[in-house]
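Presented below is the structure to which this report refers.
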């Protein structure tokens, strides 16, 4: 039996958005251990993936846009960079949604990795076009690894709300 909940927007969009913003701020604290700083994972990536898997929605892309713009402002990057990358990730996950239905968690994690890789490559290309130089590959790979480790959070959100609206299954 599933512990699915109703799809009130504040529950499946608002609360996870707030959690992602708080986690981004907490992980953005410049704390160094042994001279190394932890890579900054893209917490909204888990949301972009989960929201696409849960159901098609008009509100989710706007929430992703807001989260991406908040990331750009918080990290001081070009405005719209992460908004566009997260929307690309949402589009990739949404387009593969029918193939993901009923798959195991390992397969969904692979899809999440593919979605994250697509967004990261897009971000890399956009930064390269904007700055006319190549960003560092190693920091991007660390950020990628830190972001794909967040898949259990996406899976938890999917498990909570996946069966809440049977019209889209």
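Conditions (1) touching a helix residue (DSSP H, G or I) at 6+ places or on another chain (Cβ under 6 Å); (2) surrounded by 12 or more Cβ atoms within 10 Å (Cβ to Cβ); (3) at negative phi; (4) not in a helix (DSSP H, G or I), marked per residue:
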| position | (1), (2), (3), (4) |
| --- | --- |
| 103 | no, yes, yes, yes |
| 107 | no, yes, yes, no |
| 122 | yes, yes, yes, no |
| 130 | no, yes, yes, no |
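Filtering segment 1-43 to residues that are modelled with pLDDT of 90 or more and part of a loop (DSSP other than H, G, I, E, B) leaves only 42. Within segment 108-128, the set of residues being more than 13 Å from the chain's Cα centre (by Cα) and within 12 Å of residue 50 (Cα to Cα) comprises just one member, 108. For segment 92-107, what are the residues that are under 11 Å from residue 60 (Cβ atoms) and within 12 Å of the chain's Cα centre (by Cα)? Of everything in segment 92-107, just one residue is under 11 Å from residue 60 (Cβ atoms) and within 12 Å of the chain's Cα centre (by Cα), namely 93. Consider segment 65-90 and keep the residues that are without any contact (Cβ under 8 Å) to a residue 12 or more places away in the chain and in a helix (DSSP H, G or I). The one that is nearest to residue 123 (Cα to Cα) is 72. If the condition is being touching a residue at least 40 places away in the same chain (Cβ under 8 Å), surrounded by fewer than 18 Cβ atoms within 10 Å (Cβ to Cβ) and under 14 Å from the mean Cα position of the chain (by Cα), then segment 21-64 contributes 21, 40. I'm trying to understand the selection: among the residues of segment 139-164, which are modelled with pLDDT of 90 or more and loosely packed, with under 15 Cβ neighbours inside 10 Å? Correct list: 141, 145, 149, 152, 156.
So is residue 71 surrounded by fewer than 19 Cβ atoms within 10 Å (Cβ to Cβ) and under 12 Å from the mean Cα position of the chain (by Cα) or not? Taking the combined requirement at face value, the residue does not satisfy it.
The values are calculated or read from the model by the stated rules, or taken from the named source; none is laboratory data. Computed from a predicted model, the values in this text were never measured in an experiment. Backbone-built Cβ (ideal geometry, glycine too); neighbour counts: all protein chains shown.
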